[in-house]
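This report refers to the structure that appears directly beneath it.
The values are calculated or read from the model by the stated rules, or taken from the named source; none is laboratory data. Small disclaimer: the values here were computed from a predicted structure and weren't measured. Don't worry about glycine lacking a Cβ; one is built from the backbone with ideal geometry, like all the others, and counts go over all protein chains shown.
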Amino acid sequence: MVGYYIKLAWLSLRKTPLLSMLMIGTIAIGIAAAMITITVGYMMAQDPLPHKSDRVAMVHLNSWDPTQPYGYRRNGKNDIPSTLTYQDAMALLKADKADKHTLFAQFSDMIRTTTSDVRDAQLHPIRSTTRDFFDMFGVPFIYGGTWSKEADLTGEQVIVLSKHENDRLFDGVNSVGKEVHVGTLLFRVVGVIDDWQPTPRFYTHRYLMYQSTLRYFVPLESQIRNALFSPTSMGFSCWGDDPNSTLADLLLSECVWLHLWVEFDSVDKKDDYFGFLSDYSEEQRKVGRFARPEPNRLMTVPEYLEKEGALSNENIMGIWFSLAFLLACLCNVMSLMMTKFHGKGGEIGLRRAVGASKKDIIIQFGFESIFIGLVGGVLGLLFAQVGLSVLADMFSNLHQSVMTMDIFLMVGTVGLAMSTSLLFGLWPIYRASQIQPSSQLKSL
(Lines give C-alpha, C1' and ligand atoms only; values in the text may rest on other atoms or scores of the structure.)
Protein backbone atom coordinates (compact mmCIF):
# COMPACT_ATOMS: atom_id res chain seq x y z
CA MET A 1 0.00 0.00 0.00
CA VAL A 2 2.89 2.38 0.79
CA GLY A 3 4.33 1.75 -2.66
CA TYR A 4 0.96 2.60 -4.20
CA TYR A 5 0.82 5.98 -2.47
CA ILE A 6 4.43 6.74 -3.41
CA LYS A 7 3.55 5.97 -7.02
CA LEU A 8 0.58 8.35 -6.83
CA ALA A 9 2.82 11.07 -5.38
CA TRP A 10 5.35 10.63 -8.19
CA LEU A 11 2.65 10.72 -10.88
CA SER A 12 1.17 13.85 -9.31
CA LEU A 13 4.54 15.63 -9.42
CA ARG A 14 4.96 14.69 -13.07
CA LYS A 15 1.51 16.04 -13.97
CA THR A 16 2.35 19.51 -12.57
CA PRO A 17 6.13 19.75 -12.96
CA LEU A 18 6.39 23.55 -12.77
CA LEU A 19 4.29 23.90 -9.65
CA SER A 20 5.99 20.91 -8.05
CA MET A 21 9.49 22.21 -8.75
CA LEU A 22 8.48 25.61 -7.39
CA MET A 23 7.43 23.99 -4.10
CA ILE A 24 10.55 21.83 -3.96
CA GLY A 25 12.84 24.79 -4.72
CA THR A 26 11.15 26.98 -2.11
CA ILE A 27 11.60 24.30 0.55
CA ALA A 28 15.21 23.72 -0.53
CA ILE A 29 16.15 27.40 -0.27
CA GLY A 30 14.47 27.83 3.13
CA ILE A 31 15.99 24.62 4.51
CA ALA A 32 19.46 25.52 3.20
CA ALA A 33 19.39 28.98 4.79
CA ALA A 34 18.23 27.55 8.11
CA MET A 35 20.69 24.67 8.19
CA ILE A 36 23.69 26.84 7.33
CA THR A 37 23.17 28.98 10.43
CA ILE A 38 22.07 26.04 12.57
CA THR A 39 25.20 24.09 11.54
CA VAL A 40 27.51 26.94 12.50
CA GLY A 41 25.69 27.47 15.79
CA TYR A 42 25.56 23.75 16.57
CA MET A 43 29.25 23.20 15.88
CA MET A 44 30.21 26.26 17.92
CA ALA A 45 28.11 25.18 20.90
CA GLN A 46 29.27 21.55 21.17
CA ASP A 47 30.68 20.16 24.39
CA PRO A 48 34.31 19.41 23.40
CA LEU A 49 34.86 17.06 26.37
CA PRO A 50 31.47 15.40 26.83
CA HIS A 51 32.79 12.55 28.97
CA LYS A 52 34.46 14.75 31.60
CA SER A 53 33.72 18.43 30.97
CA ASP A 54 32.28 18.81 34.49
CA ARG A 55 35.57 17.54 36.00
CA VAL A 56 37.93 19.77 34.01
CA ALA A 57 38.12 23.37 35.16
CA MET A 58 40.03 26.58 34.48
CA VAL A 59 41.56 28.56 37.35
CA HIS A 60 40.92 32.32 37.58
CA LEU A 61 42.69 34.28 40.33
CA ASN A 62 41.96 37.91 41.12
CA SER A 63 45.57 39.06 41.16
CA TRP A 64 44.97 42.35 39.35
CA ASP A 65 46.17 45.79 40.46
CA PRO A 66 44.11 46.98 43.46
CA THR A 67 44.85 50.65 42.72
CA GLN A 68 43.19 50.69 39.29
CA PRO A 69 39.60 51.89 39.79
CA TYR A 70 38.17 49.74 37.01
CA GLY A 71 40.25 46.67 37.64
CA TYR A 72 40.79 44.19 34.80
CA ARG A 73 38.58 45.06 31.81
CA ARG A 74 37.28 42.54 29.30
CA ASN A 75 34.58 43.21 26.73
CA GLY A 76 34.01 46.58 28.37
CA LYS A 77 33.18 45.07 31.76
CA ASN A 78 34.99 44.60 35.05
CA ASP A 79 36.35 41.08 35.36
CA ILE A 80 39.20 39.05 36.76
CA PRO A 81 41.95 37.65 34.50
CA SER A 82 41.52 34.21 32.96
CA THR A 83 45.32 33.80 32.98
CA LEU A 84 47.79 33.72 35.87
CA THR A 85 51.10 35.28 36.80
CA TYR A 86 54.12 33.00 36.72
CA GLN A 87 54.54 33.03 40.50
CA ASP A 88 50.88 32.08 41.09
CA ALA A 89 50.93 29.38 38.40
CA MET A 90 54.06 27.79 39.84
CA ALA A 91 52.69 27.91 43.38
CA LEU A 92 49.48 26.13 42.37
CA LEU A 93 51.37 23.61 40.27
CA LYS A 94 53.78 22.74 43.06
CA ALA A 95 50.93 22.41 45.59
CA ASP A 96 49.64 19.49 43.45
CA LYS A 97 46.09 19.62 44.82
CA ALA A 98 44.37 18.40 41.63
CA ASP A 99 44.66 15.01 39.93
CA LYS A 100 46.03 16.58 36.72
CA HIS A 101 47.43 20.03 35.95
CA THR A 102 47.85 21.64 32.55
CA LEU A 103 49.76 24.89 32.41
CA PHE A 104 50.42 26.51 29.08
CA ALA A 105 51.36 29.61 27.13
CA GLN A 106 52.80 30.17 23.67
CA PHE A 107 55.63 31.87 21.82
CA SER A 108 56.79 32.05 18.21
CA ASP A 109 60.05 31.03 16.57
CA MET A 110 61.59 29.90 13.29
CA ILE A 111 61.38 26.14 12.67
CA ARG A 112 63.22 23.92 10.19
CA THR A 113 64.70 20.44 9.98
CA THR A 114 68.40 19.80 10.50
CA THR A 115 68.82 18.98 6.81
CA SER A 116 67.03 22.04 5.39
CA ASP A 117 68.60 25.39 4.57
CA VAL A 118 68.21 28.17 7.11
CA ARG A 119 66.33 30.14 4.46
CA ASP A 120 63.64 27.44 4.47
CA ALA A 121 62.79 28.09 8.14
CA GLN A 122 59.20 29.19 8.81
CA LEU A 123 57.86 31.26 11.68
CA HIS A 124 55.30 29.29 13.72
CA PRO A 125 53.47 29.81 17.02
CA ILE A 126 54.49 27.13 19.50
CA ARG A 127 52.48 25.85 22.46
CA SER A 128 54.58 25.61 25.61
CA THR A 129 52.83 23.39 28.11
CA THR A 130 53.04 20.55 30.61
CA ARG A 131 52.71 16.86 29.77
CA ASP A 132 49.13 16.55 31.16
CA PHE A 133 47.91 18.74 28.29
CA PHE A 134 47.67 15.77 25.92
CA ASP A 135 45.83 13.42 28.27
CA MET A 136 43.54 16.05 29.78
CA PHE A 137 42.33 17.35 26.43
CA GLY A 138 42.24 13.98 24.64
CA VAL A 139 44.99 14.63 22.09
CA PRO A 140 45.52 11.51 19.89
CA PHE A 141 49.01 10.34 18.91
CA ILE A 142 49.98 8.47 15.75
CA TYR A 143 53.70 8.18 16.60
CA GLY A 144 55.40 8.27 19.99
CA GLY A 145 53.72 10.14 22.83
CA THR A 146 54.12 12.97 25.27
CA TRP A 147 57.39 13.76 27.01
CA SER A 148 58.36 12.45 30.44
CA LYS A 149 57.78 13.99 33.86
CA GLU A 150 61.51 14.68 34.04
CA ALA A 151 61.27 16.76 30.86
CA ASP A 152 58.64 18.92 32.56
CA LEU A 153 60.97 19.49 35.52
CA THR A 154 64.29 19.88 33.72
CA GLY A 155 63.13 21.70 30.60
CA GLU A 156 64.40 19.04 28.24
CA GLN A 157 64.50 20.19 24.60
CA VAL A 158 61.85 17.89 23.19
CA ILE A 159 58.97 18.63 20.86
CA VAL A 160 55.65 17.15 19.72
CA LEU A 161 54.54 17.81 16.13
CA SER A 162 51.14 17.85 14.50
CA LYS A 163 50.44 15.43 11.66
CA HIS A 164 50.35 18.39 9.26
CA GLU A 165 53.86 19.52 10.19
CA ASN A 166 55.21 15.98 10.30
CA ASP A 167 53.96 15.53 6.73
CA ARG A 168 55.59 18.80 5.70
CA LEU A 169 58.93 18.32 7.44
CA PHE A 170 59.40 14.54 7.30
CA ASP A 171 57.09 13.39 4.48
CA GLY A 172 54.75 11.72 6.96
CA VAL A 173 57.16 9.03 8.21
CA ASN A 174 57.69 8.25 11.88
CA SER A 175 59.90 11.16 12.96
CA VAL A 176 60.28 10.20 16.63
CA GLY A 177 63.95 10.60 17.55
CA LYS A 178 64.69 13.09 14.79
CA GLU A 179 65.53 16.71 15.48
CA VAL A 180 64.24 20.10 14.39
CA HIS A 181 65.65 23.58 14.86
CA VAL A 182 63.57 25.92 17.00
CA GLY A 183 65.38 29.16 16.43
CA THR A 184 69.01 28.31 17.13
CA LEU A 185 68.18 25.36 19.41
CA LEU A 186 67.81 21.68 18.58
CA PHE A 187 64.66 19.92 19.81
CA ARG A 188 64.19 16.15 19.62
CA VAL A 189 60.82 14.85 18.35
CA VAL A 190 59.12 12.59 20.91
CA GLY A 191 55.64 12.39 19.40
CA VAL A 192 53.38 13.17 16.46
CA ILE A 193 49.70 13.86 17.09
CA ASP A 194 46.93 12.89 14.72
CA ASP A 195 44.47 15.40 13.26
CA TRP A 196 43.01 17.08 16.34
CA GLN A 197 40.64 20.01 16.30
CA PRO A 198 38.31 20.34 19.30
CA THR A 199 35.38 22.57 18.39
CA PRO A 200 35.32 24.96 20.05
CA ARG A 201 38.99 25.15 21.08
CA PHE A 202 37.72 25.68 24.59
CA TYR A 203 40.97 25.86 26.53
CA THR A 204 42.12 29.24 25.23
CA HIS A 205 40.81 32.77 24.68
CA ARG A 206 37.37 33.31 23.12
CA TYR A 207 38.71 34.99 20.00
CA LEU A 208 40.90 31.92 19.29
CA MET A 209 38.30 29.23 19.96
CA TYR A 210 37.42 28.57 16.32
CA GLN A 211 40.87 28.83 14.82
CA SER A 212 43.13 25.89 14.07
CA THR A 213 45.10 24.30 16.89
CA LEU A 214 48.82 25.04 17.13
CA ARG A 215 51.15 22.59 15.42
CA TYR A 216 54.11 22.45 17.81
CA PHE A 217 54.28 21.64 21.52
CA VAL A 218 57.27 21.93 23.86
CA PRO A 219 57.68 21.76 27.65
CA LEU A 220 56.94 25.07 29.36
CA GLU A 221 60.09 24.71 31.42
CA SER A 222 62.08 24.42 28.19
CA GLN A 223 60.75 27.79 27.06
CA ILE A 224 61.66 29.33 30.41
CA ARG A 225 65.16 27.85 30.69
CA ASN A 226 66.03 28.85 27.15
CA ALA A 227 64.47 32.31 27.55
CA LEU A 228 62.31 31.88 24.45
CA PHE A 229 60.48 35.19 24.45
CA SER A 230 58.29 36.72 21.72
CA PRO A 231 56.29 39.60 23.24
CA THR A 232 54.02 40.13 20.23
CA SER A 233 52.66 36.56 20.26
CA MET A 234 52.64 35.61 23.94
CA GLY A 235 49.46 37.44 24.87
CA PHE A 236 50.25 38.80 28.34
CA SER A 237 48.44 41.59 30.19
CA CYS A 238 50.25 43.75 32.73
CA TRP A 239 49.71 46.46 35.27
CA GLY A 240 52.75 48.57 35.98
CA ASP A 241 55.70 48.39 33.60
CA ASP A 242 55.43 46.01 30.63
CA PRO A 243 58.32 43.51 30.41
CA ASN A 244 59.33 44.31 26.85
CA SER A 245 62.95 43.25 27.24
CA THR A 246 63.36 39.67 28.57
CA LEU A 247 61.42 36.63 29.69
CA ALA A 248 63.08 36.97 33.11
CA ASP A 249 61.31 40.30 33.57
CA LEU A 250 57.99 38.66 32.73
CA LEU A 251 58.54 35.89 35.29
CA LEU A 252 59.12 38.41 38.08
CA SER A 253 56.25 40.72 37.11
CA GLU A 254 52.58 40.83 37.99
CA CYS A 255 51.71 40.19 34.34
CA VAL A 256 49.13 37.46 33.66
CA TRP A 257 49.94 35.14 30.74
CA LEU A 258 49.67 31.48 31.78
CA HIS A 259 46.52 29.36 31.47
CA LEU A 260 45.96 26.76 34.18
CA TRP A 261 43.47 23.94 33.77
CA VAL A 262 42.97 21.21 36.37
CA GLU A 263 41.21 17.86 36.24
CA PHE A 264 39.62 15.86 39.06
CA ASP A 265 38.76 12.19 39.33
CA SER A 266 35.38 13.17 40.84
CA VAL A 267 33.25 16.30 40.88
CA ASP A 268 33.43 16.45 44.69
CA LYS A 269 37.17 17.16 44.55
CA LYS A 270 36.46 20.39 42.67
CA ASP A 271 34.88 21.94 45.78
CA ASP A 272 37.91 20.97 47.86
CA TYR A 273 40.20 22.58 45.28
CA PHE A 274 38.20 25.79 45.36
CA GLY A 275 38.68 25.86 49.13
CA PHE A 276 42.41 25.52 48.53
CA LEU A 277 42.28 28.49 46.12
CA SER A 278 40.50 30.56 48.76
CA ASP A 279 43.18 29.73 51.31
CA TYR A 280 45.91 30.60 48.80
CA SER A 281 44.25 33.95 48.06
CA GLU A 282 44.05 34.75 51.74
CA GLU A 283 47.77 34.07 52.10
CA GLN A 284 48.48 36.43 49.22
CA ARG A 285 46.32 39.14 50.76
CA LYS A 286 48.43 38.99 53.88
CA VAL A 287 51.54 39.82 51.84
CA GLY A 288 49.85 42.70 49.99
CA ARG A 289 48.50 40.97 46.88
CA PHE A 290 44.95 40.00 45.79
CA ALA A 291 43.51 43.14 47.38
CA ARG A 292 40.51 43.52 45.08
CA PRO A 293 37.11 42.32 46.34
CA GLU A 294 36.16 40.20 43.31
CA PRO A 295 36.22 36.44 44.09
CA ASN A 296 38.33 33.80 42.40
CA ARG A 297 36.71 31.36 39.98
CA LEU A 298 37.06 27.69 39.13
CA MET A 299 35.13 27.27 35.89
CA THR A 300 34.26 23.96 34.24
CA VAL A 301 34.38 23.68 30.46
CA PRO A 302 30.64 24.45 29.92
CA GLU A 303 30.80 27.36 32.38
CA TYR A 304 33.85 28.84 30.70
CA LEU A 305 32.34 28.50 27.23
CA GLU A 306 29.15 30.20 28.40
CA LYS A 307 31.04 33.04 30.05
CA GLU A 308 33.28 33.56 27.04
CA GLY A 309 30.26 33.64 24.74
CA ALA A 310 31.31 30.71 22.56
CA LEU A 311 27.97 31.09 20.76
CA SER A 312 27.61 34.84 20.31
CA ASN A 313 24.38 36.83 20.26
CA GLU A 314 24.98 37.51 16.56
CA ASN A 315 24.95 33.77 15.83
CA ILE A 316 21.77 33.28 17.84
CA MET A 317 20.08 36.16 16.02
CA GLY A 318 21.23 34.69 12.72
CA ILE A 319 19.56 31.38 13.59
CA TRP A 320 16.29 33.13 14.46
CA PHE A 321 16.34 35.15 11.22
CA SER A 322 17.02 32.02 9.15
CA LEU A 323 14.16 30.19 10.87
CA ALA A 324 11.88 33.16 10.15
CA PHE A 325 12.93 32.95 6.49
CA LEU A 326 12.19 29.22 6.52
CA LEU A 327 8.74 29.94 7.98
CA ALA A 328 8.05 32.42 5.16
CA CYS A 329 9.14 29.83 2.60
CA LEU A 330 6.86 27.19 4.13
CA CYS A 331 3.90 29.56 4.12
CA ASN A 332 4.47 30.02 0.39
CA VAL A 333 4.65 26.26 -0.03
CA MET A 334 1.34 25.90 1.82
CA SER A 335 -0.24 28.40 -0.55
CA LEU A 336 1.12 26.50 -3.56
CA MET A 337 -0.21 23.23 -2.15
CA MET A 338 -3.64 24.80 -1.78
CA THR A 339 -3.52 25.74 -5.44
CA LYS A 340 -2.25 22.30 -6.49
CA PHE A 341 -4.74 20.28 -4.46
CA HIS A 342 -7.65 22.54 -5.43
CA GLY A 343 -6.78 21.96 -9.07
CA LYS A 344 -7.13 18.22 -8.48
CA GLY A 345 -10.75 18.53 -7.36
CA GLY A 346 -12.04 16.44 -10.27
CA GLU A 347 -9.60 13.63 -9.48
CA ILE A 348 -10.59 13.74 -5.82
CA GLY A 349 -14.29 13.61 -6.70
CA LEU A 350 -13.75 10.62 -8.97
CA ARG A 351 -11.76 8.73 -6.33
CA ARG A 352 -14.45 9.45 -3.73
CA ALA A 353 -17.16 8.31 -6.14
CA VAL A 354 -15.51 4.92 -6.68
CA GLY A 355 -15.17 4.27 -2.95
CA ALA A 356 -12.16 6.15 -1.59
CA SER A 357 -12.72 7.57 1.89
CA LYS A 358 -11.59 10.90 3.30
CA LYS A 359 -8.84 8.99 5.10
CA ASP A 360 -7.57 7.65 1.76
CA ILE A 361 -7.44 11.18 0.33
CA ILE A 362 -5.57 12.44 3.42
CA ILE A 363 -3.03 9.62 3.19
CA GLN A 364 -2.53 10.18 -0.55
CA PHE A 365 -1.79 13.89 -0.20
CA GLY A 366 0.15 13.32 2.99
CA PHE A 367 2.53 11.06 1.08
CA GLU A 368 2.77 13.68 -1.65
CA SER A 369 3.67 16.39 0.90
CA ILE A 370 6.32 14.17 2.48
CA PHE A 371 7.72 13.30 -0.96
CA ILE A 372 7.95 17.01 -1.84
CA GLY A 373 9.72 17.60 1.48
CA LEU A 374 12.12 14.69 0.86
CA VAL A 375 13.20 15.99 -2.54
CA GLY A 376 13.36 19.55 -1.22
CA GLY A 377 15.40 18.39 1.78
CA VAL A 378 17.97 16.56 -0.32
CA LEU A 379 18.27 19.57 -2.63
CA GLY A 380 18.46 21.87 0.41
CA LEU A 381 21.24 19.72 1.84
CA LEU A 382 23.25 20.23 -1.35
CA PHE A 383 22.58 23.99 -1.25
CA ALA A 384 23.63 24.10 2.41
CA GLN A 385 26.90 22.29 1.65
CA VAL A 386 27.66 24.81 -1.09
CA GLY A 387 26.82 27.69 1.25
CA LEU A 388 29.05 26.32 4.01
CA SER A 389 31.92 25.93 1.54
CA VAL A 390 31.52 29.56 0.50
CA LEU A 391 31.48 30.66 4.15
CA ALA A 392 34.58 28.59 4.87
CA ASP A 393 36.41 30.46 2.10
CA MET A 394 35.11 33.84 3.29
CA PHE A 395 36.02 33.22 6.93
CA SER A 396 39.32 31.41 6.42
CA ASN A 397 40.41 32.35 9.97
CA LEU A 398 37.86 29.87 11.33
CA HIS A 399 38.61 26.19 11.28
CA GLN A 400 36.71 24.25 8.61
CA SER A 401 35.13 21.98 11.25
CA VAL A 402 32.87 24.91 12.21
CA MET A 403 31.48 24.88 8.65
CA THR A 404 31.07 21.10 8.37
CA MET A 405 27.86 19.13 8.88
CA ASP A 406 28.07 15.90 10.79
CA ILE A 407 25.81 12.94 10.02
CA PHE A 408 23.31 14.05 12.67
CA LEU A 409 22.85 17.41 10.96
CA MET A 410 22.61 15.83 7.51
CA VAL A 411 19.85 13.48 8.58
CA GLY A 412 18.24 16.32 10.54
CA THR A 413 18.20 18.52 7.43
CA VAL A 414 16.19 16.02 5.40
CA GLY A 415 14.01 15.15 8.39
CA LEU A 416 13.24 18.82 9.02
CA ALA A 417 12.25 19.33 5.38
CA MET A 418 9.92 16.32 5.36
CA SER A 419 8.28 17.11 8.70
CA THR A 420 7.74 20.81 7.97
CA SER A 421 6.44 20.03 4.48
CA LEU A 422 3.87 17.67 6.00
CA LEU A 423 3.03 20.09 8.81
CA PHE A 424 2.39 23.01 6.49
CA GLY A 425 0.52 20.71 4.12
CA LEU A 426 -2.03 19.65 6.74
CA TRP A 427 -4.42 22.51 6.04
CA PRO A 428 -4.39 22.06 2.23
CA ILE A 429 -4.77 18.29 2.77
CA TYR A 430 -7.73 18.83 5.09
CA ARG A 431 -9.38 21.17 2.60
CA ALA A 432 -8.84 18.65 -0.18
CA SER A 433 -10.41 15.85 1.88
CA GLN A 434 -13.57 17.95 2.35
CA ILE A 435 -14.27 18.22 -1.38
CA GLN A 436 -17.70 16.73 -2.17
CA PRO A 437 -17.68 14.22 -5.04
CA SER A 438 -21.09 15.33 -6.35
CA SER A 439 -19.99 18.91 -6.98
CA GLN A 440 -16.84 17.81 -8.80
CA LEU A 441 -18.37 15.05 -10.89
CA LYS A 442 -20.79 17.51 -12.49
CA SER A 443 -17.83 19.38 -13.95
CA LEU A 444 -16.18 16.31 -15.49
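Side notes on the structure shown:
- Pair list, Cβ < 8 Å and 6+ apart or interchain, from the range 290-306 residues that are assigned by TED's automatic domain parsing to the domain that holds residue 66 and surrounded by fewer than 17 Cβ atoms within 10 Å (Cβ to Cβ) to residues that are in a strand (DSSP E or B) and among the polar types (S, T, N, Q): 294/78
- Pair list, Cβ under 7 Å, 6 or more apart: the range 311-338 residue at pLDDT below 85, other residue surrounded by fewer than 16 Cβ atoms within 10 Å (Cβ to Cβ) and of a type in the set (D, E, K, R): 338/431
- Selection count, the range 32-54, where residues are at pLDDT 85 or above and of a type in the set (Gly, Ala, Ser): 4
- Among (1) within 25 Å of the chain's Cα centre (by Cα); (2) more than 30 Å from residue 238 (Cβ to Cβ); (3) at pLDDT 90 or above - the single one residue 103 does not satisfy: (2)
- Criterion: in the same structural domain as residue 149 (by TED's automatic domain parsing), of a type in the set (S, T, N, Q) and touching a residue at least 40 places away in the same chain (Cβ under 8 Å) - qualifying residue of 204, 246: 204
- Exclusive hit being at pLDDT 95 or above and in the same structural domain as residue 186 (by TED's automatic domain parsing), set 126, 80: 126
- Residue 117 satisfies every condition listed in (1) more than 25 Å from residue 229 (Cβ to Cβ); (2) touching a strand residue (DSSP E or B) at 6+ places or on another chain (Cβ under 8 Å) except (2).
- Every test in (1) closer than 26 Å to residue 93 by Cβ; (2) among the β-branched types (Val, Ile, Thr); (3) under 24 Å from the mean Cα position of the chain (by Cα) is passed by residue 142 save one, and that test is (1).
- If only residues of the range 93-103 that are under 16 Å from residue 153 (Cβ atoms) and either of a type in the set (A, V, I, L, M, F, W, C) or outside the structural domain of residue 266 (by TED's automatic domain parsing) (or both) are counted, the one that is surrounded by the fewest Cβ atoms within 10 Å (Cβ to Cβ) is 95.
- Close pairs (6 angstrom Cβ cut-off, 6 or more residues apart or separate chains): over 19 Å from residue 290 (Cα atoms) in the range 84-108, in a loop (DSSP other than H, G, I, E, B) and of a type in the set (Ser, Thr, Tyr) anywhere: 102/130; 103/130; 107/230; 108/230
- Sole exception among (1) within 22 Å of the chain's Cα centre (by Cα); (2) crowded, with 18+ Cβ neighbours inside 10 Å; (3) free of Cβ contacts under 8 Å to residues at least 40 places away in the same chain for residue 187, by number: (1)
- Single condition residue 167 does not satisfy, out of (1) free of Cβ contacts under 8 Å to residues at least 24 places away in the same chain; (2) buried (at least 17 other Cβ atoms within 10 Å of the Cβ): (2)
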